[in-house]
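Okay, so here's the structure we're looking at.
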Amino acid sequence: MSLSNYLATVAETKENHLDKHYKTRYYRTKYTKIKESLELYAKEQGFIITKVSDKFGEIFLQKNNQHIIATVIQFNPLETGIDLKVQVYKLIGRNKPYKEIINLYNYLDKHHQFKGVGLHP
């Protein structure tokens with residue numbers, strides 16, 4: 001991790017990110033199953049789900065010092081992609097946003113069949 005990552009208060013995954021850990025991840029499951037897993041993750045980690053937009057596939061999780069915006073896109077009945085944006089409410093992030101992304105992806109890896117990263121550039 002670089003100094004800029006250490007200082008950053010916002011981290012975001014995307015399809016063509018340079019670091020493979022922060023690329024869009026794909027699972028062999030449906031949108032509703034990923035949504036249920038995100039709800040369970042939120043409950044376990046102390047997040048409150050403040051908004052769910054099924055129309056746009058976005059789920060907003062928030063707790064007192066950070067929030068996560070999860071964007072879930074179902075490409076076909078057995079392929080669903082998820083992107084994350086994490087923001088901490090501090091002056092210096094101290095890698096917290098990046099660690100949260102890794103934790104959430106690891107959680108999803110345990111509950112769903114992982115298909116790959118960056119499959120639709």
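Coordinate-derived values only; no laboratory data. It should be emphasised that the depicted structure is a prediction, and the values quoted were computed from it without experimental measurement. A quick note on method: Cβ atoms are made from the backbone with ideal geometry, for glycine too, and the neighbour counts reach across all protein chains shown.
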Working out 0.36 nm times the residue gap between K99 and E58, then minus their Cα-Cα distance, what length gain in nm do you get to one decimal?
12.7 nm
For the stretch 3-117, what number results from the quotient of the Cα radius of gyration and 2.2 N^0.38 Å?
1.01
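Return the subset of K14/K96; K35/K90; K43/K85; K63/K85; K20/K115; K30/K99 for which the Cα-Cα distance in this structure is over 22 Å, preserving the input order.
Numbers: K14/K96 18 Å; K35/K90 28 Å; K43/K85 18 Å; K63/K85 14 Å; K20/K115 14 Å; K30/K99 25 Å.
K35/K90; K30/K99, as the Cα separations exceed 22 Å there.
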Only Lys, Arg, Asp and Glu count, each charged at its Cβ (+1, +1, -1, -1), so figure out the dipole size of the chain about its Cα centre, rounded to 20 debye.
160
Scan around H17 for amide H atoms under 5 Å from its own, H built in the peptide plane at 1.01 Å from N, and keep only partners 5 or more places away or cross-chain.
T24
PRE zone check, label point 7 Å out along Cα-to-Cβ of I49, amide N under 15 Å, scope the stretch 63-82, hits 63, 68-73
Can you give me the angle between helix 31-45 and the longest principal axis of the chain, using Cα atoms only, in degrees from 0 to 90, rounded to the nearest 10?
30
